[in-house]
Structure formats: structure tokens, C-alpha cells
1. Looking only at the stretch 39-57, count how many residues are open to solvent by 10 Å² or more (accessible area, probe 1.4 Å) and farther than 24 Å from Ile94 by Cβ.
2. Can you tell me how many residues in the stretch 1-28 are in contact with a Gly (Cβ under 7 Å, 6 or more places away or on another chain) and either more than 13 Å from Leu59 (Cβ to Cβ) or surrounded by 13 or more Cβ atoms within 10 Å (Cβ to Cβ) (or both)?
3. In the set Ser31, Ser60, Ser36, which member is in contact with a strand residue (DSSP E or B) (Cβ under 6 Å, 6 or more places away or on another chain), modelled with pLDDT of 95 or more and either surrounded by 15 or more Cβ atoms within 10 Å (Cβ to Cβ) or more than 26 Å from Ile94 (Cβ to Cβ) (or both)?
4. For the stretch 66-114: of the residues being modelled with pLDDT of 80 or more and of a type in the set (Lys, Arg), which is nearest to the chain's Cα centre (by Cα)?
Amino acid sequence: MIDASDNEILELLADKYAQMILQQTRDKAMSAKELSEECDISVSTVYRRAERLVECGLLSERRVAHPDGNHHSMYEARLNELTIRLGDEGFEIIISEKPTGDLADRFTEIWEGL
């Protein structure tokens, strides 16, 4: 669910790092390290932008646990399509989301939503 004002979304999408993260995670989930290497930006920048994208609902975050007790996050774009309309009261943003995660994750989300 998109949880941000239209202005917040426009501001975030104007950021080149946020754009790169969304583009890279459009078709597959990636870790912060992978995004850092692919986008040629620092891991800390990836985490900052990813946090804002997740807060706004444009990016999903999934924790992956390792047998040694450690874990890392995988990020995947939720944004499928964005339309901006100019109306009497200003700009209106319409966002089409895409399903993220694997089938088991989606089933769990549906089940929990019942």
C-alpha cells in the first residue's frame, strides 16, 4: 500500500539514487550490497534511499535469514506504473503496484489480510 503524500512521492522520484534503485529492482529483488555495486553508490546511500522508498510504499523489503543467525534485506520495486494528473486542486498521482516476493510470501500476505 502506498503510504505517502503526492509531494513526498514526487520529491523521492526526483532523486537519481531512488530512481536507480527502483529501476534495478523492477524485475528482481536485490540486496543493498548488490544495489551498491550495480548503481555505483555507497551502501549507506542505498540504505537511506531504500528506507524512504519502503516508508512511501514504493519498495518492498524482505528479510532473509541465514543458518548462522545473521540476516540481510532484499529489496524489490512495488511501483508498476505512475500517472500524474493535473486537476482543479493540483496534481494527483495514481500508482499501480505490482506483486512482490515469491508466491509463498504473497499467499501469507493474503491470508493475514483475511
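The values are calculated or read from the model by the stated rules, or taken from the named source; none is laboratory data. The structure presented is a predicted model; accordingly, all values stated were derived computationally and were not measured. Neighbour counts run over all protein chains shown; Cβ positions are idealised from the backbone, glycine included. Only protein heavy atoms, including side chains, enter the accessible area calculation; ligands, DNA and RNA are left aside. Shrake-Rupley method; radii C 1.70, N 1.55, O 1.52, S 1.80 Å.
1. 10
2. Count: 2.
3. One residue alone meets the criteria, Ser31.
4. This residue is Arg78.
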